[in-house]
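For reference, the structure discussed in these notes is given below.
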Amino acid sequence: MLLALGQRRAALARIDRLLAHRVDDSHALATQAHLMVELGDRPAAHRILQRLVALQPAVAAGWFNLGFVCEELGLLEQAEAAFVQATEIDPRFDRAWYGLAISLIRQCRFDEAMAALHRNTELQPMSPHGWYQLAWVHVERQEPEEAARIICHLRGFEPKVAAQLSRETGLATAQA
């Protein structure tokens, strides 16, 4: 109820009291980590999520959330490892594939990022996010024709994203 009312600090205090009595409550830990992210305390969220995945190592969502926070903290190798763990637990976890790709891109590991983005776009073919990043990977790899092909593909279902990519990359493509 407190979260619905936007009272994050009060909700956090209630979660803290709950965890004082039930230290291994995974739902409470996940909520606590989420609140810490919302309140801007990513290091605390990182510590909480490490505890959560230690308690529930077979739950992909915990690993995904840990990867997300690690990526935001610039802990790219830890983010990569967490996203890999999430995709191994749930190979259909499209957001984990995307997160993995972003951490690989930030490490300039474009070939590996491309593989993760291909998996993401297979799982979510109508989401522009994976396609957008895939086009940029092709640009980084000096493959403008592949990036232009993706822009044309995006034009079919996300014309605004296609136009943005065209402007950002400087790649003019033929109108479909």
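The values are calculated or read from the model by the stated rules, or taken from the named source; none is laboratory data. Treat the numbers as computed from the prediction; the structure is a model and nothing was measured. Here Cβ is always computed from backbone atoms with ideal geometry, including for glycine, and neighbour counts include all displayed protein chains.
Identify, from the list E80, E72, the residue that is touching a helix residue (DSSP H, G or I) at 6+ places or on another chain (Cβ under 6 Å), charged (D, E, K, R), buried (at least 21 other Cβ atoms within 10 Å of the Cβ) and closer than 23 Å to H34 by Cβ.
Residue meeting the stated conditions: E80.
If we keep just the residues of the stretch 8-30 that are charged (D, E, K, R) and farther than 22 Å from A61 by Cα, which is modelled with the lowest pLDDT? So that I can check it myself, show each step before the final result.
Of all residues in the stretch 8-30, those charged (D, E, K, R) come to 8-9, 14, 16-17, 22, 24-25.
Filter again for farther than 22 Å from A61 by Cα, leaving 9, 14, 17.
Working: R9: 75, R14: 81, R17: 82.
So the residue we want is R9.
What number of residues within the stretch 20-33 are part of a helix (DSSP H, G or I), surrounded by fewer than 16 Cβ atoms within 10 Å (Cβ to Cβ) and of a type in the set (A, V, I, L, M)?
1
Out of R17, R47, which single residue is in a helix (DSSP H, G or I) and within 22 Å of the chain's Cα centre (by Cα)?
Only one candidate passes the filter, namely R47.
Condition first: among the aromatic types (F, W, Y), out of contact with any Ser or Thr (no Cβ under 8 Å at 6 or more places or on another chain) and either buried (at least 16 other Cβ atoms within 10 Å of the Cβ) or more than 23 Å from R92 (Cβ to Cβ) (or both). Now tell me which residues in the stretch 122-176 satisfy that.
The initial filter retains those residues of the stretch 122-176 that are among the aromatic types (F, W, Y), namely 131-132, 136, 157.
From what is left, the residues that are out of contact with any Ser or Thr (no Cβ under 8 Å at 6 or more places or on another chain) are 132, 157.
The answer is Y132, and nothing else.
So A96 clears everything in (1) touching a His at 6+ places or on another chain (Cβ under 9 Å); (2) closer than 24 Å to E71 by Cβ except one condition, right? Which one?
(1)
Applying the selection to the stretch 34-45, what residues are crowded, with 21+ Cβ neighbours inside 10 Å and modelled with pLDDT of 95 or more?
A45 - this is the single residue of the stretch 34-45 that is crowded, with 21+ Cβ neighbours inside 10 Å and modelled with pLDDT of 95 or more.
Give all pairs with beta carbons closer than 7 Å in which a residue from the stretch 154-166 that is of a type in the set (G, A, S) meets a residue that is modelled with pLDDT of 95 or more; count only pairs at least 6 apart in sequence or on separate chains.
Cβ pairs passing all conditions: A162/I151; A162/L154; A162/R155; S166/I151.
Of the conditions (1) surrounded by 24 or more Cβ atoms within 10 Å (Cβ to Cβ); (2) under 29 Å from L19 (Cα atoms); (3) in contact with a His (Cβ under 9 Å, 6 or more places away or on another chain), W63 satisfies every one except a single condition; which number is it?
(3)
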